[in-house]
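The values are calculated or read from the model by the stated rules, or taken from the named source; none is laboratory data. Worth saying up front: this structure is predicted, and the values here are computed from it rather than measured. Don't worry about glycine lacking a Cβ; one is built from the backbone with ideal geometry, like all the others, and counts go over all protein chains shown. The protein model used for the area step is the full one, side chains on, heavy atoms only, and it has no ligands, DNA or RNA in it. Shrake-Rupley method; radii C 1.70, N 1.55, O 1.52, S 1.80 Å.
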Amino acid sequence: MKFGWLSERWRAVSLSVAGGLFMMSQHTAEAFYLPGLAPHDYKIGEKVDLQVNSLTPSLTAENKLESVLSYGFYDERFHFCSPPGGPKAAHESLGSILFGDRIYGSAFNLEMLKDSSCQMLCVQKIPGNDAAFINDKIMKGYNYNWLIDGLPAATVKIEDRLQKEFYSLGFELGSNALGQLMPHFHNHYDITVQYHTVDSVHHRVVGVLVTPQSKHSVYSKDTTPSCDTTEPMNLHEDKDNEVVFTYSVKWEKSEKSWATRWDSYLHAMDPKIHWFSLINSVVIVVFLSAMLGLILVRTLHKDIARYNADDAEDLQEDFGWKLVHGDVFRPPQRFEYLSVIVGSGFQLFWMVLITLVIAILGFLSPSSRGSLSTAMLMLYILFGFSAGYNAAHQYHSFGGTSLRRIIVLTTLGVPGICCLLLVIINLCLMAANSSAAAPAGTLLGVIALWFVISIPLTVAGGYFGYRRKTADPPVRVNQIPRQIPDQPWYLRTIPSALMGGVLTFGAIFIELYFIMNSIWFHKVYYVFGFLFLVFIILILTTAEVTVLLTYFHLCAEDYRWHWRSVYTAGASAFYVFLYGVLFYFSRLQLASYASLVIYFGWMIIVCLLFFILTGATGFVASNFFVRRIYSAIKID
């Protein structure tokens with residue numbers, strides 16, 4: 001059995017790929033698993049660590065999320081029990097720390113296969129002002145988040161659509177049911193640990209369920225606390241409250257294997273909905289491809305044949321995109337900023353693509369907390385070379401002469417804006433005393449990675465990109481710009497961009513709903529196979545929409561296609577932001593200004609990066625299209 005875990009790992013990898021890309025039925029979805037670390041085999045009586053993480057908000061009784069702030073388990077206002085010698089922080093990844101995980105050891109004592117009943121943790125006195133703080137968090141639906149052997153503690157719930165049981169991450173800090181005069185604080189925990197027996201000696205943890213209860217136990221030195229009381233634990237805000245924290249442990253044998261232990265947690269995403277999303281996106285792509293094919297095969301073929309004809313009479317009737325051949329390759333205004341967008345877009349494209357490939361191969365497991373965000377951050381830093389290379393090459397092709405200028409803009413442009421917004425968000429988290437505020441040491445580490453790795457790679461990429469030979473325009477550029485005729489209203493900048501953006505957004509909006517739910521409601525997102533296909537469809541849709549509208553602009557004798565292609569493709573980010581606003585009013589009810597700033601701050605960052613990714617995609621596609629059609633005609 002020394003290498004027994006290896007076969008389970010590769011079995012899980014195969015399930016990950018098959019489940020992510022081809023979840024043909026609910027049965028396939030149940031078998032889906034993302035592998036992570038090797039299993040830990042416990043012997044009978046061996047200590048099993050229970051770790052505690054930050055408390056996070058969840059949906060209230062009104063089905064609204066009232067806060068996005070998280071608080072550390074050992075925040076002094078909660079007065080939870082600490083282990084002897086104080087809590088010890090667990091080793092966490094960079095992404096886990098940046099996105100709010102604060103994992104520590106606990107005072108719970110769990111031993112493999114040894115049940116215990118009504119064990120006392122400690123007795124705490126909670127002052128009235130801290131009682132008000134806790135009651136407020138109970139009213140806002142805050143949850144405990146515990147971990148045992150990498151598995152989150154959960155509660156069993158029933159899925160509405162499929163009527164099947166699933167494990168909901170976390171469990172309630174307290175209850176605030178209708179009819180209660182005061183919130184009930186959960187201070188007793190019935191912990192059920194499911195285990196799978198490997199052999200007669202070794203056992204593995206495959207599930208963790210916690211049923212919290214509110215019990216007003218009375219403590220004295222002469223007697224042990226009783227867990228049989230039915231009187232709830234209410235925290236009074238006008239006096240000190242004595243709270244007895246207790247727990248019970250039950251070990252339950254399970255037939256689940258270690259490789260499939262996450263199946264019960266990965267429930268919330270019905271594959272039928274994802275197939276509908278995918279079919280919706282494919283229909284849009286097919287429609288756009290048909291229109292693009294019609295233009296390329298019929299209209300453009302006829303135009304090129306007529307433009308290349310020797311009949312002078314036919315040449316006098318020429319109109320449309322050939323008439324602007326002397327201006328279509330004229331460098332646009334502020335082309336250095338356009339070059340930065342192109343370079344940063346390539347950087348984001350490769351980061352997302354490689355991350356999704358790694359994810360669908362099963363190497364970004366939910367067992368390894370923060371692995372997804374860590375991978376994205378490190379890939380973004382490493383692909384700084386791509387940003388510098390493509391930005392400098394595009395800048396040079398426009399006729400730019402200052403290599404230093406384009407390198408500085410690429411290095412400080414997008415990362416600088418994102419860094420500024422993240423600092424504002426972090427300051428709001430610090431002002432709200434939230435545990436999600438990134439520590440100063442972590443921020444310094446990220447800055448060090450930027451200076452030590454990202455900036456040198458960007459400089460190196462810029463040097464090689466600038467030295468790369470640029471392609472000459474297929475036609476000569478006129479010295480005097482051609483006058484642009486009045487454009488119909490639907491071909492002006494804003495209307496045409498809005499029309500193009502809505503088509504691109506239509507290909508992704510269903511998957512966007514699941515991503516938003518996963519981020520803000522702390523659910524596990526795992527259908528990376530579908531997300532990979534949606535990403536490919538997004539790139540294809542963006543390219544096709546932009547090429548179509550670029551062709552229409554050129555036919556209207558408007559040669560200013562460079563920035564238009566960026567606006568047309570990037571306008572989908574505007575719809576993503578509008579969707580974020582709709583999501584806020586329909587699913588959120590944030591009560592504090594700090595939560596508002598954090599939510600919309602992250603939405604602005606996401607929309608900015610989405611604009612750069614799609615805008616760069618649109619420009620590259622339009623640039624390829626324009627060069628191909630003008631290289632196919634004869635110019636006298």
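Looking at Ser58, Ser82, Ser67, which one is small (Gly, Ala, Ser), in contact (Cβ under 8 Å) with a residue 24 or more places away in the chain and either touching an Asp or Glu at 6+ places or on another chain (Cβ under 7 Å) or closer than 30 Å to Val218 by Cβ (or both)? Spell out the reasoning first.
Values: Ser58 fails: either touching an Asp or Glu at 6+ places or on another chain (Cβ under 7 Å) or closer than 30 Å to Val218 by Cβ (or both); Ser67 fails: either touching an Asp or Glu at 6+ places or on another chain (Cβ under 7 Å) or closer than 30 Å to Val218 by Cβ (or both).
Only one candidate passes the filter, namely Ser82.
The residue pairs whose first member lies in region 396-410 and is in contact (Cβ under 8 Å) with a residue 24 or more places away in the chain and more than 15 Å from Gly461 (Cβ to Cβ), whose second member is among the β-branched types (Val, Ile, Thr) and open to solvent by less than 40 Å² (accessible area, probe 1.4 Å), and whose beta carbons are closer than 7 Å, counting only pairs six or more residues apart or on different chains, are Ser397/Thr470; Gly400/Ile406. Quick check: anything in region 431-442 surrounded by 18 or more Cβ atoms within 10 Å (Cβ to Cβ), in contact (Cβ under 8 Å) with a residue 12 or more places away in the chain and of a type in the set (Ser, Thr, Tyr)? For region 431-442, residues surrounded by 18 or more Cβ atoms within 10 Å (Cβ to Cβ), in contact (Cβ under 8 Å) with a residue 12 or more places away in the chain and of a type in the set (Ser, Thr, Tyr): present. Among the residues of region 415-439, those identified as farther than 27 Å from Phe611 by Cβ and among the aliphatic types (A, V, I, L, M) are Met430, Ala431, Ala432, Ala437.
Select from region 447-470 the residues that are in contact with a Ser or Thr (Cβ under 7 Å, 6 or more places away or on another chain) and farther than 24 Å from Leu377 by Cα and list them in ascending order. Walk me through how you get there before you give the answer.
Taking region 447-470 as the starting set, the residues that turn out to be in contact with a Ser or Thr (Cβ under 7 Å, 6 or more places away or on another chain) are 455, 458, 461-462, 470.
Result: Thr470, single match.
Can you spot a residue in region 478-497 that is closer than 30 Å to Thr410 by Cβ, in contact with an Asp or Glu (Cβ under 7 Å, 6 or more places away or on another chain) and either open to solvent by less than 50 Å² (accessible area, probe 1.4 Å) or in contact (Cβ under 8 Å) with a residue 40 or more places away in the chain (or both)? Break it down stepwise before answering.
So the first thing to find is which residues in region 478-497 are closer than 30 Å to Thr410 by Cβ, and the list is 481, 493-494, 496-497.
Filter once more, so that each one left must be in contact with an Asp or Glu (Cβ under 7 Å, 6 or more places away or on another chain): 481.
Remaining after also requiring either open to solvent by less than 50 Å² (accessible area, probe 1.4 Å) or in contact (Cβ under 8 Å) with a residue 40 or more places away in the chain (or both): 481.
Yes, the conditions are met somewhere in region 478-497.
Residue check: is Lys250 modelled with pLDDT of 85 or more, in a strand (DSSP E or B) and either open to solvent by 20 Å² or more (accessible area, probe 1.4 Å) or farther than 30 Å from Cys81 by Cα (or both)? In short, yes. For region 253-297, the tally of residues that are more than 25 Å from the chain's Cα centre (by Cα), open to solvent by 60 Å² or more (accessible area, probe 1.4 Å) and modelled with pLDDT of 75 or more stands at 8. Could you please let me know if Lys157 is surrounded by fewer than 17 Cβ atoms within 10 Å (Cβ to Cβ) and in contact with a His (Cβ under 8 Å, 6 or more places away or on another chain)? Answer is no for this residue.
State all residues of region 480-503 that are of a type in the set (S, T, N, Q), out of contact with any Phe, Trp or Tyr (no Cβ under 8 Å at 6 or more places or on another chain) and within 26 Å of Phe574 (Cα to Cα); if no residue qualifies, say none.
Within region 480-503, the first condition is being of a type in the set (S, T, N, Q), and the residues that meet it are 483, 487, 493, 496.
Add one more test, that the residue is out of contact with any Phe, Trp or Tyr (no Cβ under 8 Å at 6 or more places or on another chain), and what stays is 483, 487.
Once the filter is applied, which keeps residues that are of a type in the set (S, T, N, Q), out of contact with any Phe, Trp or Tyr (no Cβ under 8 Å at 6 or more places or on another chain) and within 26 Å of Phe574 (Cα to Cα), region 480-503 yields only Gln487.
Pairs linking a residue in region 464-476 that is in a loop (DSSP other than H, G, I, E, B) to a residue that is not polar (S, T, N, Q), with Cβ atoms under 6 Å and 6 or more positions apart or on different chains, are Arg468/His393; Thr470/His396; Pro473/Phe329; Pro474/Tyr630; Val475/His325; Val475/Tyr630; Val475/Ile635. Scanning region 518-546 for residues that are open to solvent by 10 Å² or more (accessible area, probe 1.4 Å) and over 20 Å from Thr355 (Cα atoms) turns up Trp520, Phe521, His522, Ala543, Glu544.
If you go through region 618-634 and pick out every residue that is touching a residue at least 40 places away in the same chain (Cβ under 8 Å), of a type outside the set (S, T, N, Q) and not in a loop (DSSP other than H, G, I, E, B), you end up with 9.
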